[in-house]
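Shown next, in structure tokens, is the structure this report addresses.
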Amino acid sequence: MSETEEEYALKFNLKGHKKPITGISFHPNAKQFASSSEDSTLMVWNVAQNTRSYSFKGHSDSVTGVEYSPSGELLASCSQDQTLRIWVTKQSQMGTCMEIRAHLSPVRCLAFAPQGTQIITGSNDKSMKLWSVARKNFLKSFVGHTSWVRSVHFAQDGQKIVSCADDQTIRVWDPISGQNTHTFRTKAGPCSVALHPNGNNIAVAMNSGSVRVYDIRNEKLNQHYVLHDSTTCVCWHPCANFLLTSGKDGKVHLVDVMEGRPLYTFGGHEGAVMTVRFNKEGDYFASGGADKRILVWKVNLSN
């Protein structure tokens, strides 16, 4: 076996969803992850045992996003049925959920705040809304986008929120005031955003096929890669030196941002790859495709 094969190995090819995969989230303290799908369900998978351990059913339309809380005790999902659902993951209460009628249009994305006490949703109604998890109530709206909100992400320190929308903008927000503090305008549609762990750089997947890294403090474009025909998702490695990108060309690319070059290309999906995500330790990642499959890869990224 070559060094490359040892560093990047396909571990599992998981099947169970009946329609394309829309989101993936790893549990923070275990080799376990959840997936969402257009089939209106969530599924929880055990990486160590290569099995599906639970299915969550309740949404009445396509589930567009899924996210574990920082503690792993809750699992949130959003849907085209206009709701946000927060599920209990404790074995004795598995499947119990709280439903919030979050927006008057499909909910496209969601993200927990780092403390896990709040959650933000983005919608086709052009707004983002912040919710209290404990009190189950609405806190504030973030208004400024003029088209569908596609992706939203909290900074690790909770001091920033970043979003992107079909209005061809990437926006940075103050979570306390709700004010839009920075706006990056593009000529293509951004469809996925991820904040660097230091909170100062934004990775953006563009439907034109490019991946861009913006510096918030200097308000400029730092890096630009053309990797796909149409990029669907972007994700930082926990050490922050690498990016994963997925595209409708069926590929996943690993990018070394320190050296500014693509490092490796992963195949295996038949059709578009819709989502990609590292686990907390960064030694595994999972990709979900329009082919209804989830591929789990073991990676060795020590720097």
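Since every read-out is calculated from the coordinates, none of them should be taken as a lab result. In this text, all values refer to a predicted model and were calculated from it rather than measured experimentally. Note that we place each Cβ from the backbone using ideal geometry, even for glycine, and neighbour counts take in every protein chain shown.
Before moving on, here are some points about what is shown:
- If only residues of the range 127-160 that are in a strand (DSSP E or B) and aliphatic (A, V, I, L, M) are counted, the one that is farthest from Thr22 (Cα to Cα) is Leu139.
- Test for Lys140: is it touching a residue at least 12 places away in the same chain (Cβ under 8 Å), buried (at least 20 other Cβ atoms within 10 Å of the Cβ) and charged (D, E, K, R): no
Residues are listed down the side, and each one gets a yes or a no for (1) out of contact with any Asp or Glu (no Cβ under 7 Å at 6 or more places or on another chain); (2) part of a loop (DSSP other than H, G, I, E, B):
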{"position": "Leu75", "(1), (2)": "yes, no"}
{"position": "Asp81", "(1), (2)": "no, yes"}
{"position": "Arg85", "(1), (2)": "no, no"}
{"position": "Leu104", "(1), (2)": "no, yes"}
{"position": "Thr121", "(1), (2)": "yes, no"}
{"position": "Asp125", "(1), (2)": "yes, yes"}
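- Taking the criterion of being over 12 Å from Trp236 (Cβ atoms) and hydrophobic (A, V, I, L, M, F, W, C), the residues of the range 206-220 that qualify are Met206, Ile216.
- Residues (charged (D, E, K, R) and in contact with a His (Cβ under 8 Å, 6 or more places away or on another chain)) located in the range 115-148: Asp125, Lys126, Lys129
- Taking the range 196-303 as the region of interest, the strands (runs of 3 or more DSSP E) fully inside it that hold 3 or more residues being in contact (Cβ under 8 Å) with a residue 12 or more places away in the chain and in contact with a Lys or Arg (Cβ under 6 Å, 6 or more places away or on another chain) are 293-299.
- Filter pass, Val172 being touching a Lys or Arg at 6+ places or on another chain (Cβ under 9 Å), of a type outside the set (Phe, Trp, Tyr) and crowded, with 16+ Cβ neighbours inside 10 Å: yes
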